[in-house]
1. Using the charge dipole of the chain (Lys, Arg: +1 at Cβ; Asp, Glu: -1 at Cβ; taken about the Cα centre), state which of Ala72, Gly108, Ile33 has its Cα farthest towards the positive end.
2. Any idea what % of Cα-Cα pairs in the chain are farther than 22 Å?
3. Accessible area per residue, 1.4 Å probe, Å², for the chain: what's the number?
4. Cross-link partners among lysines for Lys123, C-alpha distance below 27 Å, same-chain residues fewer than 8 apart left out?
5. Can you compute the charge dipole magnitude of the chain about its Cα centre, using +1 on each Lys and Arg Cβ and -1 on each Asp and Glu Cβ, nothing else charged? Give it in debye, rounded to the nearest 20.
6. Within the chain, which is the longest segment that contains none of the GluC sites (Glu not before Pro) sitting in a DSSP loop with at most 12 other Cβ atoms within 10 Å?
7. Would the range 68-117 count as rounded, prolate or oblate if I go by the C-alpha gyration tensor, calling it rounded below 1.5 in a/c and otherwise prolate when a/b exceeds b/c, oblate otherwise?
8. In angstroms, what radius of gyration and Dmax does the range 35-76 have, counting Cα atoms only?
Amino acid sequence: MKREYACPHCKATLNPGTKIILAARRGRHHGLILLSPQIGNYKTIIDPAFPLRRGDMVEFACPACATPLTSATERHLAEISLRQSGRRPLVVVFSRVYGEHATFLCDGEKVTEFGEDTYHYEKVNFFGA
């Protein structure tokens with residue numbers, strides 16, 4: 001079963017091939033970042049002209065509609081949707097801090113954590129209550 005990642009705003013597919021494609025910006029620099037669709041795999045492909053250093057805050061946006069993907073819950077996190085056939089959609093929340101390994105899979109009832117840096121976000125209420 002293929003995992004289809006989508007923009008939560010325009011619903012465009014973000015992984016038409018083997019990688020999740022996101023527009024990224026840091027200061028005056030911008031480019032594309034390709035992420036692994038495997039949750040917890042932090043390997044990325046980054047345009048060499050888009051310089052990033054560990055700890056840099058990256059603004060992610062949908063490459064189709066350009067809407068920022070920053071989480072309303074926590075400004076250091078970004079959100080995209082995950083659709084799988086026969087299942088209810090999920091929300092994937094991940095760190096906007098380059099080099100920080102923190103990803104959360106939210107199904108509306110529980111949150112599953114991935115990455116060694118999730119402790120930075122232990123006080124975040126992913127359900128907005």
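The values are calculated or read from the model by the stated rules, or taken from the named source; none is laboratory data. Keep in mind it's a predicted model, so treat the numbers as computed, not measured. Cβ atoms come from the backbone with ideal geometry, glycine included; neighbour counts cover every protein chain shown. Remember, those area values only see protein heavy atoms, side chains included, never the ligands or the DNA or RNA. Shrake-Rupley method; radii C 1.70, N 1.55, O 1.52, S 1.80 Å.
1. Value computed over the given set: Ile33.
2. On the way: 2544 of 8256 pairs.
Tail fraction, whole percent: 31.
3. Values: 7460 Å² over 129 residues.
Per-residue accessible area for the chain comes out at 58 Å².
4. The reachable lysines, counting only those whose Cα sits under 27 Å from Lys123, are Lys43, Lys110.
5. 380
6. Numbers: sites that count: Glu109, Glu116, Glu122.
Longest site-free region, per DSSP loop and neighbour criteria: 1-108.
7. Values: a/c = 2.10, a/b = 1.59, b/c = 1.32.
Because a/c hits 1.5 or more and a/b exceeds b/c, the range 68-117 counts as prolate.
8. Considering the range 35-76 through its Cα atoms, Rg and Dmax are 12.0, 31 Å.
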